[in-house]
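In what follows, a single structure is set out as structure tokens and then discussed.
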Amino acid sequence: MPLLEVKNLKKIYTTRFSSQQVQALSNVSFTVEKGEYVAIMGESGSGKTTLLNILASLDKPTQGEVLLNGKSMTAIKEKEISEFRRKNLGFVFQDFNLLDTFSVKDNIFLPLVLSKEAYPIMKQKLNILAPKLGISHLLEKYPYEISGGQKQRVAVARALITQPQLILADEPTGALDSKSTDQLLDIFHEINKEGQTILMVTHSTKAASFANRVLFIRDGMVFHQIYRGNQTNEQMYQSISDTLTLIAAGGK
Amino acid sequence: MKKFFYSRLALSNIKKNAKVYFPYLITSSFTVMMFYVIYSLSQNSGLRESSSTAPIVLSLGTWVIMIFSIIFIFYLNSFLMKRRKKEIGLYNILGMEKKHVMIMLFYETLCILLISLLSGIVLGGLFSQLMCLILVNLCHLNTLISFEMPIQAILLTIIVYGCIYLVTYLFNIVQVKMNNPIELLKGEQFGEREPQSKWLLAIIGIMTLGAGYALAQLIEDPLDALAWFFVAVILVIIGTYCLFTAGSIVLLKSLKKNKHYYYHTKHFISVSQMVYRMKQNAVGLASICILCTCILVMLSSTVTLYFGIDNTVSATMDSDYLMTLYSHEDEQIPSKEDMSQFVQQMKAELQKEGVETSQFVYKTVYENVVQLNNDEIINEHGDVGLTIMLLDDYNQAYQQNIRLKDNEILAGCRNYEISKALTVNDKNYTVRSHVDHPLLFDGGFSEKKLFIVVKDETCLKDFYPEGQLIIPTERISISFASDEKKANQVINHFLEQTWSSDSTNQLKEFGYQHTSRYEERNGLLDAYGSLFFLGIYLGVQFLMAAILIMYYKQLSEGYEDQKRFEILQNVGMSKKEVKQVIHSQVMIFFFLPLMTAVIHMIFASKMIIKMFGYIIIGDAHLFLLCTLISIVVLALLYTVTYVLTARVYYKIVKN
């Protein structure tokens, strides 16, 4: 059974002041196996963000369903949805989404505190996680005292500390310089090797080239996909570029 | 063209920031109006003629409003400038020189000043008549209310507020000059540093507040209470500001250190957010608290004074009218015959004029000033006013039928305690029973007074040093069954005639004094009525200020919290949980200033009651009732405004 199964997703937005409808997703289907590292690419307006929002259970599809471990996410009641997200999903955002009123440590603890975890257990989990992400020396600092790359690693720590089934990353390298981008992608690669499933939405060919599989979305549909197979990152980068060029040329 | 450019830019800036500037303009106009109204009332010719205290009280109020305006407008201005730093930085970067920003700010300030002055003075002109009407009714004055718009008041208002705004403008210029554009641009964004625990300030806060409370509780003497009240007020104000700013952060940070408490779903977010919230808003909250306390103290005490007038008057006077005949030490005592003749004349005069009396008592009272030392009267000049009556007189005057033995007395005292026995000139007297009479209030409420009824003149001599002439004062107490005002006029007229130069009356050589409930009440109505008016007037002004501070607080917090709550939802907090967190924070910041104000008031009430001992009698219950009502009224108004301003906050956060 695949970890994530997306079946015939369709999303239509109706704007509040007009009857005009916008079709963000027309028919999206794909599956993600446990331990996979999948990147989703597409131009602005292709429906990436809508897709991610639905996967994150922040939004409901007009049609179709999303199964996590065979359980339908679209059928979860509103009341339980937050708990479901906390337990099963971890999020990494482009703009980090760290709270400036919390220290780095407290930011990482946030989802655990919301799940009513006991302090000693939280601390234990952090002690294992922090060295891996190279943020042990930052724990007592505040978000405004650290760099963008460091912030994103903290955000990754916050996503990982609940040991989620799936990490959803939305343009995680979007606000980072090249050095920090490399560091972050290495980290993603590392945690994926340890068995963490990752689904990343990105613009960046470089970020996508680290993934095992790349899905291309256009006009609300999965247009194409590339498997890494035995390709190196460089070869993968080339394949992605070729595909993007093809899409840009409008071919099929 | 260029000239109009800046004024137009200034106007459009104000319009664009309407959410912030509109309430500011309203409050500023309101404050100008309040100042104009109270100043023009204090200058009102009608009031000046008919009232002796109202103009004084009103000019006091003018000062209070002026000083308050300075502080308040400065506070608002600095709040507005903080919010606009980014905008000003942007102007700099877009190529406006600082000089141009200053010109723009000048036009803005001018615009606000003109609008405030114009609307304030026009509204003030309209309202001053209504206010005058209210004041005249409260004080029971006989004045014809004329519409006045004194040019002097208009000029002073313009000068005062012109100066205040000029200084705020200069203050803003200095700020613009000192900052560089990048800093201005980032002004709001810079992640706020977590506040430090300021232990020293917190300890100072605890100590000053404790000292203020202790003063309020420990002082027993009314005069001391009066003298120390303002010290206590200042201590409590300092304590409140210190505790709100430093104490709260010390407390929250120590909560944060307690891992088991802090890392709990319910406390985690609230505690960490409140640390920042207190850093930014402590001064505002403390100000709201102080304003609320001021409102409570002013309202409860002025209302008590006003509604306690009847109690005070009847507690201090036996009868509706009291005339006292006194003689100088070297002069003779009026003879019994002359006195009774005079009394007869007076009765006849009253009858002739159709004034009916329900009581007409003539009594002789002996007065002396002595020292009291543990139930021993020492016949030296001291601090205790001693009033003595002979038993026969007393029985007759108060319609009693008491018999006393040679060594027995009746006694009453005020601001002093006596036991069952008194010693004087080595002679022991037993206090048969304690009595309480308005006579005890002669000569002021704060004095120590002792009232004694002795059996006869032999006993009386014991209370005077040997050889000293014993000179009584003769008192005539009258109560009326008919119209008080007319009766007063009749008697006063009669007394004037009797003491006029062509009168043949023997008593002319003695001095006389007269008081009446009617006059006393009118005097008190005038004084306390204007205080009552001022209490409510300032109460409204302070409430307005508290509302605006609250509104701005909600506004600025709303924008900050918007992003925070969005993140919390992204991280897996449900909408319901977010709502709960918002709600509990809103409630804490709602109750904190109000509850503190109520606690201040509870501690202050003892001292205020003590002070009232000096000016008002037996009104502790009335005061407590008035305090309770004031608290309820304030809490209601506060809740309404809070609900309204909280709506602004919720709207921003929900977006």
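The values are calculated or read from the model by the stated rules, or taken from the named source; none is laboratory data. These numbers were taken from a predicted model, which means no experiment stands behind them. Neighbour counts run over all protein chains shown; Cβ positions are idealised from the backbone, glycine included.
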Condition (residue is of a type outside the set (S, T, N, Q) and assigned to a loop (DSSP other than H, G, I, E, B)) applied to segment B:1-22: is it met by at least one residue? yes
Q. Do we have any residue at all in segment A:83-94 that's loosely packed, with under 15 Cβ neighbours inside 10 Å and out of contact with any Ser or Thr (no Cβ under 9 Å at 6 or more places or on another chain)?
A. no
Discussion item. Condition (residue is within 10 Å of another protein chain (Cβ to nearest Cβ), without any contact (Cβ under 8 Å) to a residue 12 or more places away in the chain and surrounded by fewer than 18 Cβ atoms within 10 Å (Cβ to Cβ)) applied to segment A:162-183: is it met by at least one residue?
Written reply: no
Restricting attention to segment A:218-235, does a residue exist that is closer than 24 Å to A:Ile54 by Cα, surrounded by 22 or more Cβ atoms within 10 Å (Cβ to Cβ) and more than 15 Å from the chain's Cα centre (by Cα)? yes
B:Gln497: passes all of (1) modelled with pLDDT under 80; (2) out of contact with any helix residue (DSSP H, G or I) (no Cβ under 7 Å at 6 or more places or on another chain) but (1)
**Message:** Given the condition more than 23 Å from B:Asn137 (Cβ to Cβ), without any contact (Cβ under 8 Å) to a residue 24 or more places away in the chain, out of contact with any Asp or Glu (no Cβ under 7 Å at 6 or more places or on another chain) and outside any strand (DSSP E or B), answer yes or no: does some residue in segment B:508-522 qualify?
**Reply:** yes
When segment A:122-141 is checked residue by residue, the ones that are surrounded by 21 or more Cβ atoms within 10 Å (Cβ to Cβ) and in contact (Cβ under 8 Å) with a residue 40 or more places away in the chain are A:Leu133
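Scan segment B:59-69 and give yes if some residue there is in a helix (DSSP H, G or I), surrounded by fewer than 21 Cβ atoms within 10 Å (Cβ to Cβ) and small (Gly, Ala, Ser), otherwise no.
Within segment B:59-69, one or more residues are in a helix (DSSP H, G or I), surrounded by fewer than 21 Cβ atoms within 10 Å (Cβ to Cβ) and small (Gly, Ala, Ser).
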**OP:** Test A:Lys125 against the stated conditions and say whether it is of a type in the set (Lys, Arg) and either on the phi > 0 side of the Ramachandran plot or within 14 Å of chain B (Cβ to nearest Cβ) (or both).
**Re:** yes
Flagged in segment B:358-375 as surrounded by fewer than 16 Cβ atoms within 10 Å (Cβ to Cβ) and within 18 Å of B:Glu466 (Cβ to Cβ), in numbering order, are B:Val369, B:Gln371
When restricted to B:Ile378, B:Ile388, B:Ile418, the only residue at pLDDT below 80, closer than 18 Å to B:Ile470 by Cα and among the aliphatic types (A, V, I, L, M) is B:Ile378
When (1) within 14 Å of chain A (Cβ to nearest Cβ); (2) in contact with a Ser or Thr (Cβ under 9 Å, 6 or more places away or on another chain) are applied to B:Glu560, the one that fails is (2)
Scanning segment B:207-264 residue by residue, those among the polar types (S, T, N, Q), closer than 30 Å to A:Asn107 by Cβ and in contact with a helix residue (DSSP H, G or I) (Cβ under 7 Å, 6 or more places away or on another chain) turn out to be B:Thr245, B:Ser248
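Say whether the condition of being within 14 Å of another protein chain (Cβ to nearest Cβ) and either assigned to a helix (DSSP H, G or I) or of a type in the set (D, E, K, R) (or both) is met by at least one residue in segment B:535-543.
No: segment B:535-543 contains no residue that is within 14 Å of another protein chain (Cβ to nearest Cβ) and either assigned to a helix (DSSP H, G or I) or of a type in the set (D, E, K, R) (or both).
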For B:Val355, state whether it is farther than 30 Å from B:Gly467 by Cα, under 41 Å from the mean Cα position of the chain (by Cα) and assigned to a loop (DSSP other than H, G, I, E, B).
yes
Here, helices (runs of 4 or more DSSP H) confined to segment A:140-252 with at least 3 residues that are of a type in the set (Ser, Thr, Tyr) are A:178-193, A:233-249
If you go through B:Phe589, B:Phe565, the only one that is part of a helix (DSSP H, G or I), more than 14 Å from chain A (Cβ to nearest Cβ), in contact (Cβ under 8 Å) with a residue 60 or more places away in the chain and under 30 Å from A:Ser115 (Cβ atoms) is B:Phe589
(Q) Against the definition (of a type in the set (Gly, Ala, Ser), modelled with pLDDT under 85 and buried (at least 18 other Cβ atoms within 10 Å of the Cβ)), how does B:Gly46 come out, yes or no? (A) no
When segment B:568-586 is checked residue by residue, the ones that are assigned to a helix (DSSP H, G or I) and within 14 Å of another protein chain (Cβ to nearest Cβ) are B:Leu568, B:Gln569, B:Asn570, B:Lys575, B:Lys576, B:Glu577, B:Val578, B:Lys579, B:Gln580, B:Val581, B:Gln585
For helices (runs of 4 or more DSSP H) lying entirely in segment B:216-290, having 3 or more residues that are away from every other protein chain (no Cβ under 14 Å), touching a Gly at 6+ places or on another chain (Cβ under 6 Å) and over 29 Å from A:Glu117 (Cβ atoms) picks out B:222-242
Going by what's in this entry, would B:Ile234 be described as farther than 27 Å from B:Thr641 by Cα and at pLDDT 90 or above? yes
Reported set for segment B:395-431 where residues are farther than 25 Å from B:Pro222 by Cα and assigned to a strand (DSSP E or B) is B:Glu408, B:Ile409, B:Leu410, B:Ala421, B:Leu422, B:Thr423, B:Val424, B:Lys427, B:Asn428, B:Tyr429, B:Thr430, B:Val431
With the first residue restricted to segment B:96-119 and required to be free of Cβ contacts under 8 Å to residues at least 60 places away in the same chain, and the second required to be assigned to a helix (DSSP H, G or I), Cβ contacts under 6 Å at 6 or more apart or on different chains are B:Leu113/B:Tyr165
The number of residues in segment B:471-492 that are part of a helix (DSSP H, G or I) and crowded, with 17+ Cβ neighbours inside 10 Å is 5
Item checked: Condition met for B:Tyr559 (surrounded by fewer than 16 Cβ atoms within 10 Å (Cβ to Cβ), touching a residue at least 24 places away in the same chain (Cβ under 8 Å), in a helix (DSSP H, G or I) and in contact with a helix residue (DSSP H, G or I) (Cβ under 7 Å, 6 or more places away or on another chain)) -> yes
